[in-house]
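Trainee: Sharing a structure, written as structure tokens. Questions coming.
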Number of protein chains: 2
Amino acid sequence: MKIIFEKISVIGLGLIGTSILHALKNKVEKKITTYAYDINPQHRSIVRDMNIATIVSEDIEHAVKNADLIILSIPVGSMKKVAGQISKHLKKGAIVTDTGSTKLSVINDIKPFIPKKNYFIPSHPLAGTEYSGPKSGFGSLFENRYWLIVSNYESEETKKLDSFFSGLGSIVEIVNVQYHDRILAITSHLPHLIAFTIVGTASDFEVDLKNDVIKFSASGFRDFTRLASSDPIMWRDIFLNNADAVLEMLQRFNEDLSDLQKAIRKKDGKKLHSFFSRTRNIRKKIIEAGQS
Amino acid sequence: MKIIFEKISVIGLGLIGTSILHALKNKVEKKITTYAYDINPQHRSIVRDMNIATIVSEDIEHAVKNADLIILSIPVGSMKKVAGQISKHLKKGAIVTDTGSTKLSVINDIKPFIPKKNYFIPSHPLAGTEYSGPKSGFGSLFENRYWLIVSNYESEETKKLDSFFSGLGSIVEIVNVQYHDRILAITSHLPHLIAFTIVGTASDFEVDLKNDVIKFSASGFRDFTRLASSDPIMWRDIFLNNADAVLEMLQRFNEDLSDLQKAIRKKDGKKLHSFFSRTRNIRKKIIEAGQS
């Protein structure tokens, strides 16, 4: 891996932050310095024990002041506060990026705090698991996964970030902000919302039925419970911060679901069969695209 | 594996039917005779080439007339027709079972055709993949998965079926029919309906957006496309035949989804966080139950 940034600060030591540290340690251990910080002292302590960062900083100023690249891997609802905290301590020319799942809100929250001598380039790795916390990270998380840079143009700085994310194993693409937020609303946010809903619906059942739902959880429900076990704070923040795109996609979804509900009630087998047939095709294309 | 039935007929050579044949061949190849039949001559030909049945019958009468156990592994919408076809050809004392995902409808469709000298005991293996057709089967499909026998009491015949399914690797439980149909509505049918819906919603997008949804399909959507690539005929039949239980669960789901939609619109973070927190617990219990 080519050295793009010599000093890298990772703020937020959850699944994404620690995976970045693991990946950097695996690839270029001795040639770069990594600074790690999390508001939760327990998380700092765990990362110190795992020995995946060069330095675990005890305050955020210390973690960012020497860095060429600062990565904010924190819930999107915390971006504004943290941007305010780091604003005055950035080194000249340092690049700030984030890994949040909503981008319009993050740009609105962070950009006002970024001094003219610095660069803010939002990004988003399309990678994750249902696990969270500092012990959930692993170095191959980003391999062959897209890492989206959200920008309207290419610059020296986006190119450097592109090389850096590619070095972590990702496929990098530049997309614009509104497009990002709509794509993520349908591919990630709405599926999670629905998974949370259906698992919540089941958890309201009377005890016997609920226990047997757990016992006999067939494929389908099992997949949904995996999604619905993701970090509640992260997801609360995502829905609060991508509300417009999510509500738009949800409305379309509700219309289609009503149609199918009516077809079931009217026993309209022809309509059900035709709807179920066209969805197969999308799966085939995803498998072809190598992202299954 | 103890020999429970010496002559076994498998009607319907899809994922379930061929998996039963694979499993039987792996375990007791020379001691039992299996008869295989499918209405589709291509499927019969594929199964003949795979050499997983003792005899691939060219007509359904031939396939069932010598059997001690007849397994109908066909779409639930075809049960009535096939029951009518086999009715006159059953050997005295032969047991008929099915593997359909809806049970009230299957009982109504099959029971009238079963002569007094025979036994009909519905069953349902909670096992499957998103693949279908005679090449999709494999011998370990049922291992450690539940196989439900739907009956109100234990008899000599349910005990024999229990031993037989256990021999295929399954954990067998006896449940009643209404309970089965409600459990499956929430754990399997509704999740599939929703997955079909959301993938269908995405497939209606304008071309550019649709292509990028496929390209950037994140975890969540990707899982849904897997469910939504399941066999359309099988699923059409399930929704037509378990309409009442599915519509009941769908109504509860819709109420919960409306609540969350309102919480997103009102930016009610407290409500979102509390809803997302309680669903985690169900996942934990499923992992503990060893069915994840």
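The values are calculated or read from the model by the stated rules, or taken from the named source; none is laboratory data. Note that the coordinates shown come from a computational prediction; the quantities given were computed from them, not determined experimentally. Ideal geometry is used to build each Cβ from the backbone, glycine not excepted, and the neighbour counts take in all protein chains shown.
Trainee: Would you say residue B:154 is at the interface with chain A (Cβ under 8 Å from one of its Cβ atoms) and either surrounded by fewer than 17 Cβ atoms within 10 Å (Cβ to Cβ) or not in a helix (DSSP H, G or I) (or both)?
Mentor: Here the answer is no, as residue B:154 does not meet what is asked.
Trainee: Need a quick list: helices (runs of 4 or more DSSP H) entirely within region B:182-292 having at least 3 residues that are more than 7 Å from every other protein chain (Cβ to nearest Cβ).
Mentor: In region B:182-292, B:207-215, B:232-241, B:243-265, B:269-288 are the helices (runs of 4 or more DSSP H) which contain 3 or more residues that are more than 7 Å from every other protein chain (Cβ to nearest Cβ).
Trainee: Does residue A:192 fit the bill of being crowded, with 21+ Cβ neighbours inside 10 Å, under 17 Å from the mean Cα position of the chain (by Cα), touching a residue at least 24 places away in the same chain (Cβ under 8 Å) and closer than 30 Å to residue B:250 by Cβ?
Mentor: Spelling it out, residue A:192 is indeed crowded, with 21+ Cβ neighbours inside 10 Å, under 17 Å from the mean Cα position of the chain (by Cα), touching a residue at least 24 places away in the same chain (Cβ under 8 Å) and closer than 30 Å to residue B:250 by Cβ.
Trainee: OK, next. How many residues does region B:251-285 contain that are aliphatic (A, V, I, L, M) and touching a Gly at 6+ places or on another chain (Cβ under 6 Å)?
Mentor: The number of residues fulfilling the criteria is 0.
Trainee: Out of all the residues in region B:132-151, which are in a loop (DSSP other than H, G, I, E, B), in contact with a helix residue (DSSP H, G or I) (Cβ under 6 Å, 6 or more places away or on another chain) and within 13 Å of chain A (Cβ to nearest Cβ)?
Mentor: B:132, B:141, listed by residue number.
Trainee: So, in region B:256-276, how many residues would count as being loosely packed, with under 14 Cβ neighbours inside 10 Å and closer than 24 Å to residue A:212 by Cβ?
Mentor: Residues meeting the conditions: 0.
Trainee: Out of all the residues in region A:97-110, which are of a type outside the set (Val, Ile, Thr) and in a strand (DSSP E or B)?
Mentor: A:98
Trainee: Right, something else. Looking only at region B:157-181, filter to residues that are of a type outside the set (A, V, I, L, M, F, W, C) and in a loop (DSSP other than H, G, I, E, B); which one of those is surrounded by the most Cβ atoms within 10 Å (Cβ to Cβ)?
Mentor: Checking each candidate, the answer is B:170.
Trainee: Any idea how many residues of region A:127-151 are at pLDDT 95 or above and buried (at least 21 other Cβ atoms within 10 Å of the Cβ)?
Mentor: Looking only at that region, the number is 8.
Trainee: Let me ask something else. For region A:168-177, does any single residue satisfy the condition of being farther than 30 Å from residue A:27 by Cα and at the interface with another protein chain (Cβ under 8 Å from one of its Cβ atoms)?
Mentor: Within region A:168-177, none of the residues are farther than 30 Å from residue A:27 by Cα and at the interface with another protein chain (Cβ under 8 Å from one of its Cβ atoms).
Trainee: Right, something else. For region A:1-39, name all the residues that are assigned to a loop (DSSP other than H, G, I, E, B) and under 13 Å from residue A:73 (Cβ atoms).
Mentor: A:12, A:13, A:14, A:38, A:39
Trainee: Can you pull out every residue in region B:67-96 that is surrounded by fewer than 17 Cβ atoms within 10 Å (Cβ to Cβ) and not in a helix (DSSP H, G or I)?
Mentor: Across region B:67-96, the qualifying residues are B:91, B:92, B:93.
Trainee: Continuing with this model, one more query. Go through region A:111-131 and report how many residues are touching a strand residue (DSSP E or B) at 6+ places or on another chain (Cβ under 7 Å) and either part of a loop (DSSP other than H, G, I, E, B) or of a type outside the set (Ser, Thr, Tyr) (or both).
Mentor: Residues meeting the conditions: 9.
Trainee: What is the residue count in region A:94-110 for residues that are in contact (Cβ under 8 Å) with a residue 24 or more places away in the chain and out of contact with any strand residue (DSSP E or B) (no Cβ under 8 Å at 6 or more places or on another chain)?
Mentor: 4
Trainee: Please go through region B:217-229 and pick out each residue that is out of contact with any Lys or Arg (no Cβ under 8 Å at 6 or more places or on another chain) and surrounded by 23 or more Cβ atoms within 10 Å (Cβ to Cβ).
Mentor: B:217, B:218, B:220, B:221, B:224, B:227
Trainee: Could I ask something else about it? Residues B:283, B:278, B:265: which one is more than 20 Å from residue A:250 (Cα to Cα), more than 25 Å from the chain's Cα centre (by Cα) and without any contact (Cβ under 8 Å) to a residue 24 or more places away in the chain?
Mentor: B:278
Trainee: Assess whether residue B:251 counts as being under 19 Å from residue A:209 (Cα atoms) and either of a type in the set (Phe, Trp, Tyr) or out of contact with any His (no Cβ under 6 Å at 6 or more places or on another chain) (or both).
Mentor: Spelling it out, residue B:251 is indeed under 19 Å from residue A:209 (Cα atoms) and either of a type in the set (Phe, Trp, Tyr) or out of contact with any His (no Cβ under 6 Å at 6 or more places or on another chain) (or both).
Trainee: Since residue B:25 meets every condition but one in (1) at pLDDT below 95; (2) within 25 Å of residue B:92 (Cβ to Cβ), which condition does it not meet?
Mentor: Condition (2) is where residue B:25 drops out.
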